[in-house]
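Okay, structure first, notes after.
The values are calculated or read from the model by the stated rules, or taken from the named source; none is laboratory data. Note that the structure is a prediction, hence the values are computed from the model and not measured. Here Cβ is always computed from backbone atoms with ideal geometry, including for glycine, and neighbour counts include all displayed protein chains.
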Amino acid sequence: MRLILRIVGGLIGLVLLFVAGLAGLYFSYRLPVPDLAQARHVDTHFAKAIDADVASNLRKRLAELRRTGNYPSVSVAASVNGVVVWQEAQGFAGLTDSRGATVHTPYAVGSVSKALTAAVVMRLADQGRIDLDKDIRAYVPGFPVKSYIVTTRQLLSHQAGIRHYRFALSPPTFSEFGSTVQYGSVRESLSVFDADPLLFEPDTAFSYSTFGYTLLSAVVEGAAGQPFLEVMQNELFLPVGMAASGGDDKLRPIAGRAADYQSVGRDEHVLAAPETNSSGKWAGGGMRSTPTDLARFGAALLDGRIVSPQTREVMFTPRKLKNGKVNPQDYGLGFRIDTISDPAYPGKSWRAVHHGGVAVGSQAMLVLLPEQNVVVAITANATTQPPGFGMFDAATDLALMIVNR
């Protein structure tokens with residue numbers, strides 16, 4: 001018994017030493033976030049359609065998000081009927097060099113990349129270049145045969161059974177999410193998961209999967225006969241005027257990109273985020289953009305410049321499983337779909353089509369209100385616990401402020 005107590009005591013001591021060590025590292029390396037209580041260092045632009053009182057309330061709500069999320073900077077853009085009516089950046093894109101964020105500052109947008117990729121996949125489907133219900137091996141013949149056929153539609157809706165990130169010996173993230181591997185091609189990046197069995201028979205369950213979107217990028221390459229990022233450029237970024245958007249490529253860093261941080265304690269300090277590599281997940285979590293570019297994307301999707309109205313509604317409709325029930329995240333093709341309300345307007349509700357994103361050191365949110373033709377996009381250069389803290393609520397609050405102005 002004494003031996004067991006000594007062993008347990010020793011283990012507790014080791015744990016306490018480890019925790020103390022982590023705390024020491026945190027306090028040694030944390031960086032102060034200046035003036036979270038106020039919107040210091042602001043770059044703001046409003047269209048005449050937004051009056052002064054509405055503009056003031058919008059700016060206050062954005063500042064509240066920055067303060068409660070402990071974000072070094074937040075940036076936003078909103079469009080109404082296809083026109084960008086508000087752009088604003090508050091705070092610092094870089095803390096060590098006191099570099100202020102502007103509306104032109106690019107951020108890593110994490111899984112908002114999925115919405116961008118889905119739009120291009122559906123554009124290729126509109127063009128007859130991708131059959132959503134054909135075996136994906138028609139486009140990626142080197143992908144191993146599985147126990148069931150996997151289709152593009154199933155990948156788009158996370159109903160294909162492709163796995164998500166796993167634990168990995170890659171401190172400090174300890175997850176494939178924080179990979180530092182540079183892949184030479186999309187096909188090479190499939191090697192992380194292509195030998196793994198499906199989690200379930202496709203369309204019998206739902207399992208969110210960034211690797212499913214990596215496989216989608218290989219489908220795009222097979223259908224278009226071009227590298228994935230070139231297809232994104234030619235089919236989306238150039239036509240829509242998204243000049244700041246593209247792969248968040250560590251080998252080709254973009255001037256002015258926001259530095260990445262981690263908000264650990266929300267104590268007006270952050271840590272510099274560890275270096276990661278997005279080459280294994282361009283399609284599902286590896287893009288960078290600005291809120292203005294994302295607002296332009298949403299506006300172009302709503303007005304039919306990317307896909308047909310019929311195709312857009314397919315994207316905006318939650319998919320059902322084989323049992324007839326809608327999947328548990330109300331996920332369509334590249335977007336989640338929710339109904340939102342506001343206590344100030346009892347009895348009213350709005351359809352919100354949206355996707356959030358978390359990267360190692362940044363977060364993003366894109367919300368579309370299709371019936372009102374309003375789009376709101378937000379980015380911030382820190383990850384929080386829980387991930388995405390406050391982003392969806394802030395984006396929908398801002399959207400409803402604009403709708404009900």
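So which residues in segment 342-357 are part of a loop (DSSP other than H, G, I, E, B) and either in contact with a helix residue (DSSP H, G or I) (Cβ under 9 Å, 6 or more places away or on another chain) or closer than 19 Å to residue 132 by Cβ (or both), if there are any at all?
Within segment 342-357, 342, 344, 345 meet the criteria.
Is it fair to say residue 204 is touching a residue at least 40 places away in the same chain (Cβ under 8 Å), closer than 30 Å to residue 91 by Cα, in a loop (DSSP other than H, G, I, E, B) and more than 17 Å from the chain's Cα centre (by Cα)?
So residue 204 fails the test.
Residue check: is residue 67 closer than 30 Å to residue 220 by Cα, outside any loop (DSSP other than H, G, I, E, B) and free of Cβ contacts under 8 Å to residues at least 40 places away in the same chain?
When the stated conditions are applied, residue 67 does not pass them.
Between 110, 161, which is part of a loop (DSSP other than H, G, I, E, B), over 30 Å from residue 395 (Cα atoms) and out of contact with any Cys (no Cβ under 9 Å at 6 or more places or on another chain)?
161
Output the residues belonging to segment 290-311 that are among the basic types (Lys, Arg) and either within 14 Å of residue 204 (Cα to Cα) or buried (at least 21 other Cβ atoms within 10 Å of the Cβ) (or both).
296
Show the residue pairs meeting these rules: Cβ distance below 7 Å; 6+ apart or different chains; first residue within segment 382-402 and at pLDDT 95 or above; second residue surrounded by fewer than 19 Cβ atoms within 10 Å (Cβ to Cβ) and in a loop (DSSP other than H, G, I, E, B).
Every condition considered, the pairs that remain are 400/342.
Of all the residues that make up segment 216-235, how many are farther than 22 Å from residue 111 by Cβ and in a loop (DSSP other than H, G, I, E, B)?
Counting residues in segment 216-235 that are farther than 22 Å from residue 111 by Cβ and in a loop (DSSP other than H, G, I, E, B) gives 2.
Restricting segment 333-366 to residues that are among the polar types (S, T, N, Q) and over 27 Å from residue 311 (Cα atoms), which is surrounded by the most Cβ atoms within 10 Å (Cβ to Cβ)?
Only one residue fits best here, namely 363.
Considering only residues of segment 139-160 that are among the small types (Gly, Ala, Ser) and touching a helix residue (DSSP H, G or I) at 6+ places or on another chain (Cβ under 8 Å), which is surrounded by the most Cβ atoms within 10 Å (Cβ to Cβ)?
160
Only one of these is of a type outside the set (Asp, Glu), more than 25 Å from residue 372 (Cβ to Cβ) and modelled with pLDDT of 95 or more: 101, 55. Name it.
101
Yes or no: residue 372 farther than 24 Å from residue 121 by Cβ, of a type in the set (S, T, N, Q), in contact with a strand residue (DSSP E or B) (Cβ under 9 Å, 6 or more places away or on another chain) and surrounded by fewer than 23 Cβ atoms within 10 Å (Cβ to Cβ)?
Spelling it out, residue 372 is indeed farther than 24 Å from residue 121 by Cβ, of a type in the set (S, T, N, Q), in contact with a strand residue (DSSP E or B) (Cβ under 9 Å, 6 or more places away or on another chain) and surrounded by fewer than 23 Cβ atoms within 10 Å (Cβ to Cβ).
Got a sec? Which of 170, 175 is modelled with pLDDT under 95, in contact with a helix residue (DSSP H, G or I) (Cβ under 7 Å, 6 or more places away or on another chain) and more than 23 Å from residue 121 (Cβ to Cβ)?
Only one candidate qualifies: 170.
For residue 317, state whether it is over 25 Å from residue 72 (Cβ atoms), among the hydroxyl-bearing types (Ser, Thr, Tyr) and either part of a helix (DSSP H, G or I) or in contact with a Leu (Cβ under 7 Å, 6 or more places away or on another chain) (or both).
No; evaluated as a whole, the condition is false for this residue.
Given the conditions (1) in a helix (DSSP H, G or I); (2) within 30 Å of residue 74 (Cβ to Cβ), and given that residue 189 satisfies all but one, which numbered condition is not satisfied?
That leaves (2) as the condition not met.
Kindly check whether there is at least one residue in segment 324-339 that is closer than 14 Å to residue 118 by Cα, in contact with a His (Cβ under 6 Å, 6 or more places away or on another chain), at pLDDT 95 or above and not in a strand (DSSP E or B).
The answer is yes, given that some residue of segment 324-339 is closer than 14 Å to residue 118 by Cα, in contact with a His (Cβ under 6 Å, 6 or more places away or on another chain), at pLDDT 95 or above and not in a strand (DSSP E or B).
Here are the criteria: (1) among the acidic types (Asp, Glu); (2) within 25 Å of residue 245 (Cβ to Cβ); (3) buried (at least 16 other Cβ atoms within 10 Å of the Cβ). Tell me which single one residue 135 does not satisfy.
(2)
In segment 238-253, what residues are surrounded by 13 or more Cβ atoms within 10 Å (Cβ to Cβ) and touching a residue at least 60 places away in the same chain (Cβ under 8 Å)?
The answer is 239, 240, 244, 245, 248, 250.
I'm trying to understand the selection: among the residues of segment 368-395, which are part of a loop (DSSP other than H, G, I, E, B) and of a type outside the set (Gly, Ala, Ser)?
Answer for segment 368-395, where residues must be part of a loop (DSSP other than H, G, I, E, B) and of a type outside the set (Gly, Ala, Ser): 373, 381, 384, 385, 386, 387, 389.
Pairs under 6 Å by beta carbon, first residue over 12 Å from residue 264 (Cα atoms) in segment 20-41, partner part of a helix (DSSP H, G or I) and modelled with pLDDT of 85 or more, six or more apart or different chains?
36/67; 39/63
Within segment 74-107, restricting attention to residues that are among the β-branched types (Val, Ile, Thr) and outside any strand (DSSP E or B), which residue is farthest from residue 286 (Cα to Cα)?
My answer is 96.
Evaluate segment 183-201: report whether one residue or more is at pLDDT 95 or above and buried (at least 22 other Cβ atoms within 10 Å of the Cβ).
Yes, because at least one residue in segment 183-201 is at pLDDT 95 or above and buried (at least 22 other Cβ atoms within 10 Å of the Cβ).
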